[in-house]
Amino acid sequence: MQPPLLWPSEAIWEAVAPRLPGFTVEVLPEIDSTNTELMRRARAGSPDPVLLVAERQTAGRGRRGRGWVSSAGDSLTFSLGLPLAPAGWSGLSLAVGVAVAGALGPGITLKWPNDLWIEGRKLAGILVETATVAGLAADSDQALARYTIVGIGINIAPQPAMPGQDIAPAALREVWPQADAPGTLQRIALPLVQALQSFARDGFAPFEAAFAARDVLKGRSVSLSDGTTGTASGVDRSGALLVHTAAGLQLVSSSEVSVRPAS
Ligand code: BTN
């Protein structure tokens, strides 16, 4: 049996609350999905900023309708919900990836649009969802505020390959041997909030260079889910993936397009 996890809720609250009035930290032993729970709360009219951590998710969700499977203690699963009013939304999940990878240190790469990798294996995934909440004020530039839910799942300890997969996912302990879920959350929480606030103010541009420095696809052959193949050439100012194909330069911006390095 794993020892109980000691979560640094107070330290995170002290660091974050001054920049995010009304912020709270909540740790639950179990829930279906932290993203689903924050979406339920938003739809019920509760748009308060909150960091919701679950030691175990019974119905974790990934992108494109997939599930997210993780085990208590061996992974970190949480969602940050807060009202945001950026001028545009594209590039948001890339900015989140930059913030999380930066907080966790070297050796971690970013795979467009929102995966963190170690040596070609997935370490973490990001699921960004938004909800319209009646009564959320627009900001001074009249940009529309939406309740934004940033869900992050990180493998802390090595885990076996999932059925149907050839290789096991990456784990944070490969690059940070002492990593545990609470310590990882403490490293990420404030940089994540700062990144979201910076994105709301200035968009993706301030994250462009840091994304490029960790961009694992750059210069590699890729295939898109529609069958197109080409060479990935970084991202543009809005975070769209640039792919040189036989038909010319293609900008891939849809989060519904999956991109794989071609084998
Ligand atoms: C992906 O790679 O497909 C995204 C995975 C996101 C998983 C996290 S775990 C915490 C939060 N709650 C969820 O149900 N999903 C996200």
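The numbers here are math on the coordinates, done by the rules we state, and not lab data. A quick note: this is a predicted structure, and the numbers were derived from the prediction, not measured. Cβ placement follows ideal geometry from the backbone for every residue including glycine, while neighbour counts extend to all protein chains displayed.
With 10 Å bins from zero, work out the P(r) of region 162-263 over every alpha carbon pair and list the percent per bin.
Computed distribution, short to long bins: 13, 30, 34, 21, 2.
What are the ³J(HN,Hα) couplings of region 194-210, residue after residue, when phi is run through the Karplus curve with 6.51, -1.76, 1.60 and θ = phi - 60°? Round to Hz, x for glycine and proline.
Each residue of region 194-210 in turn: 4, 5, 5, 5, 5, 4, 4, 7, 10, x, 7, 3, x, 9, 4, 5, 5 Hz.
Which whole-number percent gives the relative contact order of the chain, counting Cα pairs below 8 Å spaced six or more residues apart? Walk me through the intermediate numbers first.
Details: 546 pairs, mean separation 47.8, N = 263.
Reported relative contact order: 18 percent.
Could you give the nm distance between label points at Ile167 and Val27, where each point is 7 Å from its Cα heading toward the beta carbon?
Placing both labels 7 Å beyond Cα along the Cβ direction yields 3.3 nm.
So how strong a dipole does the chain carry about its Cα centre when Lys and Arg Cβ are +1 and Asp and Glu Cβ are -1, to the nearest 20 debye?
Values: 21 positive and 23 negative charges, 95 e Å.
Roughly 460 debye for the chain.
Give the residue from Phe23, Gln2, Gly81 lying farthest towards the positive end of the charge dipole for region 1-96; charges sit on Cβ (+1 for Lys and Arg, -1 for Asp and Glu) and the dipole is referred to the Cα centre.
Among Phe23, Gln2, Gly81, the one farthest towards the positive end of the dipole of region 1-96 is Gly81.
What are the ³J(HN,Hα) values, in whole Hz, obtained from phi via the Karplus relation 6.51 cos²θ - 1.76 cosθ + 1.60 with θ = phi - 60°, for each residue of region 50-56 in sequence order, with x given for Gly and Pro?
8, 9, 10, 10, 10, 5, 9
Please give the length that would be gained between Gln178 and Val69 if that part of the chain were fully extended, namely 0.36 nm times their separation in residues minus their C-alpha to C-alpha distance (nm, one decimal). Write out the running numbers ahead of the final one.
On the way: separation 109, 0.36 × 109 = 39.24 nm, distance 2.24 nm.
So the chain would gain 37.0 nm between Gln178 and Val69.
In terms of the ratio Rg/(2.2 N^0.38 Å) built on C-alpha atoms, what value belongs to region 69-226?
On the way: Rg = 16.3 Å, N = 158, 2.2 N^0.38 = 15.1 Å.
Its radius of gyration relative to the 2.2 N^0.38 Å reference: 1.08.
For the residue pair Thr229 and Ser253, what label-to-label distance in nm results when each label sits 7 Å from Cα along the Cα-to-beta-carbon direction?
2.8
Does region 19-79 come out rounded, prolate or oblate by the C-alpha gyration tensor, with a ≥ b ≥ c the root eigenvalues, rounded set by a/c under 1.5 and, if not, prolate when a/b is larger than b/c and oblate if not?
Working: a/c = 2.23, a/b = 1.44, b/c = 1.55.
Since a/c reaches 1.5 but b/c is at least a/b, the shape of region 19-79 is classed as oblate.
To the nearest 500 deg cm²/dmol, what mean residue ellipticity at 222 nm is calculated for the chain from DSSP H runs of n ≥ 4 alone, each contributing -39,500 (n - 2.57), summed and divided by the residues?
Working: 5 runs with 60 residues, N = 263.
Result for the chain, helices only: -7000 deg cm²/dmol.
Using packing as a proxy for protection, rank 159-166, 102-109 so that the peptide with the highest average count of other Cβ atoms within 10 Å comes first. It would help to have the intermediate numbers written out before the result.
Numbers: 159-166: 9.0, 102-109: 17.4.
So the peptides 159-166, 102-109, ranked by packing, come out 102-109, 159-166.
Does region 1-42 come out rounded, prolate or oblate, given a ≥ b ≥ c as the square roots of the eigenvalues of its C-alpha gyration tensor, rounded meaning a/c under 1.5 and, failing that, prolate meaning a/b above b/c? Kindly include the intermediate steps, with their values, before the conclusion.
On the way: a/c = 4.23, a/b = 1.13, b/c = 3.75.
In terms of gyration-tensor shape, oblate.
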